[in-house]
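One structure is given below, encoded as structure tokens.
The values are calculated or read from the model by the stated rules, or taken from the named source; none is laboratory data. Keep in mind it's a predicted model, so treat the numbers as computed, not measured. With ideal geometry, Cβ positions are generated from the backbone for all residues, glycine too; neighbour counts draw on all protein chains shown. The area values use the complete protein model at the heavy-atom level, side chains included, leaving out ligands, DNA and RNA. Shrake-Rupley method; radii C 1.70, N 1.55, O 1.52, S 1.80 Å.
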Amino acid sequence: MNLDTSALMTEALAEGEKARLHAPPNPWVGALVVRDGVVVARGHTQVPGEAHAEVDALRHAGERARGATMVVTLEPCCHVGRTGPCVEAIVEAGIERVVVGSLDPDPRVAGRGASALREAGLEVQVGVELEAVRAHLAAYLWHRVTGRPYVVLKVAATLDGIVAMEDGSSQWITSEAARRDAHLVRAQSQAIVVGATTVRLDDPALTARLGDVTLEPLRVVLGHAPTGARVHPCLERGGELEAVLEELGERDILQVLVEGGATVASGFLEAGLVNHVVWYVAPAFAGAQGNRGALAALSTRSVAALRRARFTDVRRVGEDIRMDLEV
């Protein structure tokens, strides 16, 4: 039977999104078991140490997995980590065909999972909806390739790019809806980086509040956080930003959210360390005189030296606009 593998992979991505907040440092993978053209089971990555997406889907499928097709966003693992190899579970369940979104660049996998499935006699198709899968797993893939976390820069500014007024006030430029949305971006990150000046001026808690649930990413302060600041406990670091990212990568941090202030944001962009920008724009004007620009410490000598980015999404959030850019 001919399957619409693109549509099925899109469904698998939606299933994987359910694991986005709890899977790291593992990837947030989604898997489907398809029999006679019908999805009979779904699964996604559980918390570290528990079932991967493939095993979760197979458990839901039971005997319906025998002779069926599995659609999975990332190449199944073939090594023993916190759990057993997913390749073995797939073969033992009697799956006959595996449709994979992307190969896993982790050196312990890196094509070996797909090869092991083929050697076991299964049909394997790789690269279905590859661009969408890579975008979905961007932070994980970046970490596995570079050893560093994927860096997301978040800015909330007026229409003319101001993040703090002449008297130092900055709360709140954007609407409550935008702030709620920003908490989801925080929740998707395992660490948040701010400058010591932001801690002194705003005393942020840097938690991710999602309704009744509060998550606590690792808080990283560039400089010294005053005693009693709400950001404690935190890491206080100085020196080169690259070294800070290297340390966070070694701590299995897949995604870092840089929240500011202007000097920190400018520094990450200046060093070429930003992968993605989430920029909230409020329908308000402040003017440059006496106010603080979002990237006030960033200098550009000419048009040719502009740091170009690509819009990946633009949408309305409450009364504000959220722009996503790939740098």
Item checked: One residue from Glu75, Glu88, Glu119, Glu131 being more than 16 Å from the chain's Cα centre (by Cα), modelled with pLDDT of 95 or more and not aliphatic (A, V, I, L, M) -> Glu75
Check: So which of Leu117, Leu74 ends up being touching a residue at least 60 places away in the same chain (Cβ under 8 Å), open to solvent by less than 10 Å² (accessible area, probe 1.4 Å) and touching an Asp or Glu at 6+ places or on another chain (Cβ under 9 Å)?
Finding: Leu74
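For every residue, the table says whether it meets (1) more than 26 Å from Leu21 (Cβ to Cβ); (2) outside any helix (DSSP H, G or I); (3) open to solvent by 70 Å² or more (accessible area, probe 1.4 Å); (4) in contact with a Lys or Arg (Cβ under 8 Å, 6 or more places away or on another chain).
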| position | (1), (2), (3), (4) |
| --- | --- |
| Asp167 | yes, yes, yes, no |
| Asp181 | no, no, no, yes |
| Ile192 | no, yes, no, yes |
| Thr197 | yes, no, yes, no |
| Arg200 | yes, no, yes, no |
| Thr214 | no, yes, yes, no |
| Thr227 | yes, yes, yes, no |
| Glu246 | no, no, yes, yes |
| Ile253 | no, yes, no, no |
Item checked: Candidates Val87, Val98 - the one that is touching a Cys at 6+ places or on another chain (Cβ under 8 Å) and either among the small types (Gly, Ala, Ser) or surrounded by 20 or more Cβ atoms within 10 Å (Cβ to Cβ) (or both) -> Val87
Item checked: Residue match in the range 246-268 (condition: among the hydrophobic types (A, V, I, L, M, F, W, C) and either more than 21 Å from the chain's Cα centre (by Cα) or farther than 23 Å from Trp142 by Cα (or both)) -> yes
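The rows are residues; the columns are (1) open to solvent by 40 Å² or more (accessible area, probe 1.4 Å); (2) modelled with pLDDT under 95; (3) outside any strand (DSSP E or B); (4) out of contact with any helix residue (DSSP H, G or I) (no Cβ under 6 Å at 6 or more places or on another chain).
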{"residue": "Thr263", "(1), (2), (3), (4)": "yes, yes, yes, yes"}
{"residue": "Ser266", "(1), (2), (3), (4)": "no, yes, yes, yes"}
{"residue": "Trp279", "(1), (2), (3), (4)": "yes, no, no, yes"}
{"residue": "Phe285", "(1), (2), (3), (4)": "yes, yes, yes, yes"}
{"residue": "Gly290", "(1), (2), (3), (4)": "yes, yes, yes, yes"}
{"residue": "Arg301", "(1), (2), (3), (4)": "yes, yes, yes, yes"}
{"residue": "Ala304", "(1), (2), (3), (4)": "yes, yes, yes, yes"}
{"residue": "Val314", "(1), (2), (3), (4)": "yes, no, no, yes"}
{"residue": "Met323", "(1), (2), (3), (4)": "yes, no, no, yes"}
